[in-house]
Amino acid sequence: MSRGRRALRRLPVLAVAALSLGVQRPPGLGDVREVRHWSYPDYTRVVVELSRPVAEAEVRRLGSDAGSDRPERLYLDMPGIWVGRRYADGIPVGDGLLRGVRLGQNTLRKARVVIDLENFDHYRFLRLSEPDRLVIDVFGARHRKPDGPAPGPPSARGLPQVAGLADTVVLDPGHGGRDPGAIGVGGLREKDVTLRLARILRPRLEARGFAVVLTRNHDETVDLEERTAIAEGAGGDLFVSLHMNAAPRRDVRGIETYYLDESAERQSLRVAARENGTSPSKVDALQRTITELYLSEVSNESAALANLVQTEMVRGLAARYARVDDLGVKKGPFYVLFLAHMPSILIEVGFLTHREEARRLRDDAYLELVAERIAAGVERYRERVTPVMARGGAS
């Protein structure tokens, strides 16, 4: 299935301020490694990957200037970053929201990113680490705040046609491609089990009237920021990330479901570090970022969804299988949930490192029951919020 995402742009970008040919790079500066973007109807994500973090970064907005033919634009200064003159061309976007992206040296010790806008309602800015990335999300009319026109369904660029359906679930099979995820008993790989489960779960959700979008439908590498760009671009109402657990102790087993929030639980931080592909120290930094956000509305809805799905899974599996350990609903600082601005959960379906659970997770009959119970939990959440499902939006 086409996910409607645009291929990564790795083209040079246009310098904002020209420097004389005689100017040499000052010592101690970082570099721009790559600029990527993904375009969807009324939503575009721009990611600038850097070789070092930028602590003081703030997006600012400039109005259009008809006299100089300058469009409305956003700009972001990056202290301690060197661009110089090596970038000759811009990154054309032309997706209806963005004309393009420019980047260049504003001062000797500060680079600048400029996003030229065509259709703009609001934006969101996030910082990520390992690798260091600046994420700018630009939203158009479909994502307009509640006092604006009603949002419409996704309709273009290969995204599924969901007109007439109010409820869109984005399924995210964890890992994939170069990233196998956890590896368990007998070499069982997390990326393979999550994809099998997502393919089984999809028709069960569709049978309940949901529109379903997969972040991947093959064994391919999908960046964490791209997974949630797909969710935003598809107008997702719910985001469900599927994972398998692992532990150094081979006797650890059970099912747990996470939602985004700051967490001091040691076990939650360990799981988050593994799924984020980062270190525990960087998870601590993400926790501090989360505490600065206004998460109450989305976090409360995510908690409700997590509790319903966890309850249905444990109850349904325990009725057919001996010993199903309920590890409960937990809070955790997961990048993939941090980047999804809609009710979102991450399910750890079982431990690949536990011999019995690994055996079950190889069995399609077991995964079919898991999928049935997840679908039942999502349906119970919809009944809870009927007649209108909570729809995420950026502030």
*Between L108 and S64, what is the FRET efficiency for a Förster distance of 25 Å, r being their Cβ-Cβ separation, to the nearest 0.05?*
0.30
*At D219 and E368, where each label point lies 7 Å from the Cα along Cα→Cβ, what is the point-to-point distance in nanometres?*
2.4 nm
*Could you order peptides 102-108, 217-223 by the average number of other Cβ atoms within 10 Å of their residues, highest first?*
102-108, 217-223
*Work out the length of the dipole vector of the stretch 30-143 about its Cα centre, built from +1 on the beta-carbon of each Lys and Arg and -1 on the beta-carbon of each Asp and Glu, and round it to the nearest 20 debye.*
320 debye
*Using a Förster distance of 41 Å, how high is the FRET efficiency between E206 and E356, based on the Cβ-Cβ distance and rounded to 0.05?*
0.85
*aspartates and glutamates within cross-link reach of K330: Cα-Cα under 18 Å, excluding same-chain residues under 8 positions apart?*
E256, D261, E262, E265, E275, D284, E297, E301, E312, E348
*Count charges around G209 for me, please; just the other residues with Cβ under 9 Å from its Cβ, Lys/Arg as +1, Asp/Glu as -1.*
-1
_Along the Cα→Cβ direction, 7 angstrom out, place labels at E72 and E34. What is the inter-label distance in nm?_
3.1 nm
*Of the peptides 25-37, 302-314, 225-237, how do they stack up when ordered by the mean number of other Cβ atoms within 10 Å, highest first?*
225-237, 302-314, 25-37
*What does the charge add up to near R109, with Lys and Arg as +1, Asp and Glu as -1, over the other residues with Cβ less than 14 Å from its Cβ?*
+1
*What ranking do 71-78, 367-374 get when scored by the average of other Cβ atoms within 10 Å per residue, highest first?*
367-374, 71-78
*Which net charge results when you count Lys and Arg as +1 and Asp and Glu as -1 among the other residues whose beta-carbon is under 9 Å from that of L126?*
+1
*So what's the convex hull volume per residue for the Cα atoms of the stretch 30-143, in Å³?*
102 Å³
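Every number in this text was worked out from the coordinates using simple rules, so none of it is lab data. All figures in this text were calculated on a predicted structure; none of them were measured in a lab. Positions of Cβ are backbone-derived with ideal geometry, glycine not excepted, and every protein chain shown enters the neighbour counts.
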